[in-house]
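The values are calculated or read from the model by the stated rules, or taken from the named source; none is laboratory data. In this text, all values refer to a predicted model and were calculated from it rather than measured experimentally. Note that we place each Cβ from the backbone using ideal geometry, even for glycine, and neighbour counts take in every protein chain shown. Protein only, heavy atoms only, side chains kept; ligands, DNA and RNA dropped before computing areas. Shrake-Rupley method; radii C 1.70, N 1.55, O 1.52, S 1.80 Å.
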Amino acid sequence: MIQTKAYAAQSPTADLAPWSLERRDVGSHDVQIDIHFCGVCHSDLHQIRNEWFPGIFPMVPGHEIVGRISQVGSHVNKFKVGDLAGVGCMVDSCQVCANCKDGLEQYCLEGNTQTYNNLGRDGVPTYGGYSTTIVVREEFVVSVSDKLNLAAVAPLLCAGITTYSPLRYWKVGKGHKLAVVGLGGLGHMGVKFGVAFGADVTVLSTSPEKEQDAKSLGAHHFVVTKDEAQLKAVQGSFDFILDTVAADHDIPLYLSLLKTSGTHILVGAPPKPMEIPAFALIPGRKSVAGSTIGGIAETQEMLDFCAEHNIVSDIELIDIQDINQAYERMVKGDVRYRFVIDTATI
Ligand code: NAP
Ligand code: ZN
């Protein structure tokens, strides 16, 4: 077993604190990665607070992992020691169901194995990237370019792919008006990809002070959703809304901003069920859809796209000792625009 330093929550009410765990030895199809950076996703907070479902404790969050490969199994040919690599939200899936065969491991019909807060197919709990090293089967490891700032690449492994995948699936691009709701970790990547794909991008935000940042990220328009006049001006105007909000919010209000036949894509995952009256959808043939992360091949495609177009996340690099304050800021919507942990501080 591989002794690993980590930060864990011991219960849903505890702060994160130092802990140590054991990773499995590197199997013939495994890769060991020395973690250099790990992004902080709002999902980490939902899960350590048991907001979605009862979690497995102690919990080591973190599914935006980048680092350097330190060991490879005897049958691994895709990677070698010293390569830069990344791991996102999944570390395993059945590999044989129709979805896995289609490159949609995130929708594995047996359920994929999440990078943390899950039991692996061996029955052992998984522990995430707020730690110094991880062992993962090679199929769930992606290659990372050395052209980009490595710390700023980490968030691409979740915030990046979660916004890239639906925009690709719904073919959002030139000629489309896209609104991104919530300028946080996911939202700011949604803006970057929407702009890169050629859409006309509007940020719908509760935070007027983020306007300049939104424009610097490439957004063409900025609407403060608390301002009724600004909202009225964009009624019925969007082809797509990419909704990244982590908290309770008024979906029918956003549906009124869609054009006829428009689609509201949920990637944000607020814990409480949302109410949508039939009459918010029927008169305009509107759709509400959902999407989660992306498959492994698509994650690699997204990373390659980012390397080619020089796209990374805008980050605040933090020491792990500052993680609990970072969570407090995240709850207030005060993330500019992704916290990334320097795991050397663990
Ligand atoms: P985040 O960085 O905290 O960003 C969320 C943003 O939503 C905030 O910055 C804020 O932006 C806005 N917001 C917050 N409270 C709001 C409210 N009450 N009403 C309207 N807007 C509000 O979070 P994140 O890491 O991007 O994650 C966002 C959500 O996506 C979380 O629920 C997370 O679990 C989920 N997620 C889903 C997937 C998936 O696969 N589908 C993957 C990763 C994360 P403004 O200040 O601009 O309003
Ligand atoms: Zn995430």
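Residues of segment 191-208 being open to solvent by 10 Å² or more (accessible area, probe 1.4 Å), touching a Ser or Thr at 6+ places or on another chain (Cβ under 6 Å) and more than 8 Å from ligand 1 (Cβ to nearest atom), which ones?
Of the residues in segment 191-208, the ones open to solvent by 10 Å² or more (accessible area, probe 1.4 Å) are 192, 195-198, 200, 206-208.
Within this subset, residues satisfying the condition of being touching a Ser or Thr at 6+ places or on another chain (Cβ under 6 Å) are 206.
If the condition is that a residue be open to solvent by 10 Å² or more (accessible area, probe 1.4 Å), touching a Ser or Thr at 6+ places or on another chain (Cβ under 6 Å) and more than 8 Å from ligand 1 (Cβ to nearest atom), then no residue fits.
Starting from residues that are among the basic types (Lys, Arg) and in contact with a strand residue (DSSP E or B) (Cβ under 7 Å, 6 or more places away or on another chain), keep the ones in segment 106-159 and report whichever is farthest from Gly39 (Cα to Cα). It would help to see each step written out before you state the result.
Filtering segment 106-159 down to residues among the basic types (Lys, Arg) leaves 121, 137, 147.
Still in the list and also in contact with a strand residue (DSSP E or B) (Cβ under 7 Å, 6 or more places away or on another chain): 121, 137.
On the way: Arg121: 25, Arg137: 21 Å.
Step by step, filter segment 106-159, then rank; the result is Arg121.
I need a count of the residues in segment 57-74 that are in contact with a Cys (Cβ under 8 Å, 6 or more places away or on another chain) and in a strand (DSSP E or B).
Looking only at that region, the number is 2.
Which pairs turn up if I take residues in segment 43-68 that are under 24 Å from Val312 (Cα atoms) and look for partners that are of a type outside the set (Val, Ile, Thr) and open to solvent by 50 Å² or more (accessible area, probe 1.4 Å) with beta carbon separation below 7 Å, at least 6 apart in sequence or on another chain?
So the pair list comes out as Val66/His36; Gly67/Asp34; Gly67/His36; Arg68/Asp34; Arg68/His36.
Just to be sure, is Thr4 more than 16 Å from ligand 2 (Cβ to nearest atom) and surrounded by fewer than 18 Cβ atoms within 10 Å (Cβ to Cβ)? Give the steps one after another, and end with the answer.
Values: more than 16 Å from ligand 2 (Cβ to nearest atom): yes; surrounded by fewer than 18 Cβ atoms within 10 Å (Cβ to Cβ): no.
When the stated conditions are applied, Thr4 does not pass them.
Among the numbered criteria (1) at positive phi; (2) more than 16 Å from the chain's Cα centre (by Cα), which single criterion is violated by Glu308?
Only one criterion is unmet by Glu308, namely (1).
In this structure, does Ser20 turn out to be out of contact with any His (no Cβ under 6 Å at 6 or more places or on another chain), touching a residue at least 24 places away in the same chain (Cβ under 8 Å), in the same structural domain as Val81 (by TED's automatic domain parsing) and exposed (fewer than 14 other Cβ atoms within 10 Å of the Cβ)?
Values: out of contact with any His (no Cβ under 6 Å at 6 or more places or on another chain): yes; touching a residue at least 24 places away in the same chain (Cβ under 8 Å): no; in the same structural domain as Val81 (by TED's automatic domain parsing): yes; exposed (fewer than 14 other Cβ atoms within 10 Å of the Cβ): yes.
No; evaluated as a whole, the condition is false for this residue.
Of the residues Lys226, Lys171, which single one is free of Cβ contacts under 8 Å to residues at least 40 places away in the same chain and near ligand 1 (Cβ under 10 Å from one of its atoms)? Outline the logic, then answer.
On the way: Lys171 fails: near ligand 1 (Cβ under 10 Å from one of its atoms).
Of Lys226, Lys171, the one residue that is free of Cβ contacts under 8 Å to residues at least 40 places away in the same chain and near ligand 1 (Cβ under 10 Å from one of its atoms) is Lys226.
Considering only segment 92-110, state which residues are under 20 Å from Ile56 (Cα atoms) and either within 18 Å of the chain's Cα centre (by Cα) or of a type in the set (Lys, Arg) (or both).
Within segment 92-110, the subset under 20 Å from Ile56 (Cα atoms) is 92-93, 110.
If the condition is that a residue be under 20 Å from Ile56 (Cα atoms) and either within 18 Å of the chain's Cα centre (by Cα) or of a type in the set (Lys, Arg) (or both), then Asp92 is the only one that fits.
State all residues of segment 136-192 that are farther than 22 Å from Gly103 by Cβ and of a type in the set (A, V, I, L, M); if no residue qualifies, say none.
Leu148, Leu150, Ala151, Ala152, Ala154, Leu178, Ala179, Val180, Val181, Leu183, Val191
Ile315 fails exactly one of the following numbered conditions: (1) in contact with a Pro (Cβ under 7 Å, 6 or more places away or on another chain); (2) under 28 Å from Ser237 (Cα atoms). What is the number of that condition?
Of everything listed in (1) in contact with a Pro (Cβ under 7 Å, 6 or more places away or on another chain); (2) under 28 Å from Ser237 (Cα atoms), Ile315 misses just condition (2).
In segment 24-56, which residues are open to solvent by less than 30 Å² (accessible area, probe 1.4 Å), near ligand 1 (Cβ under 9 Å from one of its atoms) and out of contact with any Cys (no Cβ under 6 Å at 6 or more places or on another chain)? Spell out the reasoning first.
First, pick out the residues of segment 24-56 that are open to solvent by less than 30 Å² (accessible area, probe 1.4 Å): 27, 30-33, 35, 38-41, 43-48, 55.
Add one more test, that the residue is near ligand 1 (Cβ under 9 Å from one of its atoms), and what stays is 39-41, 43-47.
Within segment 24-56, Gly39, Val40, Ser43, Asp44, Leu45, His46, Gln47 meet the criteria.
If you go through segment 259-268 one residue at a time, do you hit one that is outside the structural domain of Leu148 (by TED's automatic domain parsing), out of contact with any Pro (no Cβ under 8 Å at 6 or more places or on another chain) and within 18 Å of Gly39 (Cα to Cα)?
Within segment 259-268, the subset outside the structural domain of Leu148 (by TED's automatic domain parsing) is 259-268.
Still in the list and also out of contact with any Pro (no Cβ under 8 Å at 6 or more places or on another chain): 259-264, 266, 268.
Next, from what is left, pick out any that are within 18 Å of Gly39 (Cα to Cα): 268.
Yes, that holds for at least one residue.
So Ser261 fits all but one of (1) over 23 Å from Asp44 (Cα atoms); (2) under 24 Å from the mean Cα position of the chain (by Cα); what number is the exception?
It is condition (2) that Ser261 fails.
Would you kindly identify the helices (runs of 4 or more DSSP H) lying entirely within segment 250-346 that contain at least 3 residues that are open to solvent by 40 Å² or more (accessible area, probe 1.4 Å) and closer than 21 Å to Leu167 by Cβ? If you could, list the steps in order and put the result at the bottom.
Working: elements: 251-255, 296-309, 323-331.
Because the criterion is at least 3 residues that are open to solvent by 40 Å² or more (accessible area, probe 1.4 Å) and closer than 21 Å to Leu167 by Cβ, the helices (runs of 4 or more DSSP H) in segment 250-346 that meet it are 296-309.
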